[in-house]
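The values are calculated or read from the model by the stated rules, or taken from the named source; none is laboratory data. Fair warning: this is a prediction, and the values are worked out from it, not measured in the lab. Cβ atoms come from the backbone with ideal geometry, glycine included; neighbour counts cover every protein chain shown.
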Amino acid sequence: MKLLSNRDSIRFCFPSLLLMLMLAGSNSLAAEVLTLKKAEYLALQNEPGILGLDAKTQSMMQKSIAAGELMDPKLQFGVLNLPTDSFEFDQENMTQFKVGYIQQFPSGDSRELKRDKAVSQSRQFQHQIEERKRQLLTRVRLSYLETIYWEQARETVQQNRQLVSQLSEYVQSLFAVGRTNQFEFISVQQRLSKLDDRLTQIEQNISDERYRLSEWVGERFTELPLSAGLPVLGQIPWEQLDLEQINQLIAQHPKIQEINNQIDVSRMDLELIRESEKPGWALNVSYAYREDAPDGTDRADFFSAMVTLDLPLFTENRQEKQQQAQHYEVKASQLQRDAMLRKLRSDVLRLKTNLELSEQRVELYRETLVLQAEQRSQAALQTYRSGSGSFADIMQAYMDALNIQLEQKRIQIDSLKSRARLLYFLQASSDAENTPASSSNYSN
């Protein structure tokens, strides 16, 4: 048997290798799924609103450097006491060519205060970035969870349709031999048509949620299948949080931090007004050159130094009124913070209560209602087959079982949505970004 040459071996193996690579690529593409963790990551990457706020932060940081610098000096030069009868530079003793340097110095510590104020204003944009991230994460989580619900609803309705389809075949066989009437045959067909219409509505809802999700993760990733099961949201022990702990977490919310920052800026404005009552001053240094006399006598040049002081004498109707106005600004910001704290606390307590009640309902459906609905459907079918039950009882039992299954899934999703909204109030976006991938496990 003749062995293959190296060239023949390559020619023989290359198509097989190419086919294996294509299959491997297609399998990896098919295996790719859009997890909630990946959706959150994609939403935060290159988001225009976050990038714009970051640019404003950098802009304000540069302004803070400029605010701490002295004003540009002024250069002064000219000719003094030039005689108009001859315009000769050496005719009169007082004729001079003067060069001066003027530097202004603001009052008190106003330079340092302006620099600190600009730095504090840059922190305000950082708080807005954190707020933007929390909002984005909440929207992505809610949309992702809603998409999961409708896809699970589609699967549940499809399974119910298969059962009704099998029932339709059974009723059709009975109708063919005259053991049932036309009403029951038409009823089961109508039931199938209603389920088809319901599936169409579900597909429409899935499409709407997918397009809504694409706003944050992109169309390419939106087409990927979602992870099976429900995501685990949050690592905060909600049940163990008391009111004091909730208040501490709320105090770290970016909306509260932004108002605190506004209060700091208002207080710095108040300090700037107080510093304006101190005199600012300017230094004026000059050198005057004189030409020698016509007879050759040497004339001395002049050097001058002068300090100019502001005189803040009439401060009653300007600085004092500005101080009073700024005190009211600080007080208004403090009251705004108190109102925001009340609102956030109320929202958290409401969501926490809703979450606890939703989880109780999830347990009730899982342990009791779903099982009872399945048992009722089986009992109605057996009773009908034995000839002692009605076909309407079967249809009603199947419909109730389907609705209970959908309600169970809706309550599970609503419970997770409450967790997602609580995370907006109580968990920093950095915590969500730094959560390891293993924390986003999925469970049925």
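What do you reckon, is residue 261 touching a residue at least 12 places away in the same chain (Cβ under 8 Å) and surrounded by fewer than 19 Cβ atoms within 10 Å (Cβ to Cβ)?
no
Residue check: is residue 233 out of contact with any Phe, Trp or Tyr (no Cβ under 9 Å at 6 or more places or on another chain), in contact (Cβ under 8 Å) with a residue 40 or more places away in the chain and surrounded by 11 or more Cβ atoms within 10 Å (Cβ to Cβ)?
It is true that residue 233 is out of contact with any Phe, Trp or Tyr (no Cβ under 9 Å at 6 or more places or on another chain), in contact (Cβ under 8 Å) with a residue 40 or more places away in the chain and surrounded by 11 or more Cβ atoms within 10 Å (Cβ to Cβ).
Return the total of residues in the range 91-109 being crowded, with 18+ Cβ neighbours inside 10 Å and out of contact with any Gly (no Cβ under 8 Å at 6 or more places or on another chain).
Matching residues across the range 91-109 total 2.
Considering only residues that are within 29 Å of residue 40 (Cα to Cα) and among the charged types (D, E, K, R), which ones fall in the range 192-214?
203, 208, 209, 210, 212
Looking at residue 382 and the list (1) touching a residue at least 24 places away in the same chain (Cβ under 8 Å); (2) surrounded by fewer than 17 Cβ atoms within 10 Å (Cβ to Cβ), which single condition is not satisfied?
Result: residue 382 fails condition (1) only.
Please state which of the following conditions residue 228 fails to meet, knowing it meets all the rest: (1) assigned to a helix (DSSP H, G or I); (2) out of contact with any Leu (no Cβ under 8 Å at 6 or more places or on another chain).
Checking residue 228 against (1) assigned to a helix (DSSP H, G or I); (2) out of contact with any Leu (no Cβ under 8 Å at 6 or more places or on another chain), the one that fails is (1).
Kindly list the number of the only condition in (1) under 30 Å from residue 250 (Cα atoms); (2) among the charged types (D, E, K, R); (3) surrounded by 12 or more Cβ atoms within 10 Å (Cβ to Cβ) that fails for residue 291.
(1)
Which of the residues that make up the range 175-225 are touching a strand residue (DSSP E or B) at 6+ places or on another chain (Cβ under 9 Å), surrounded by 14 or more Cβ atoms within 10 Å (Cβ to Cβ) and either part of a helix (DSSP H, G or I) or charged (D, E, K, R) (or both)?
Hits for the range 175-225 are 213, 217, 221, 222.
It is to be established whether one or more residues within the range 88-97 are part of a strand (DSSP E or B) and either modelled with pLDDT under 85 or out of contact with any helix residue (DSSP H, G or I) (no Cβ under 6 Å at 6 or more places or on another chain) (or both).
Yes, the range 88-97 has at least one match.
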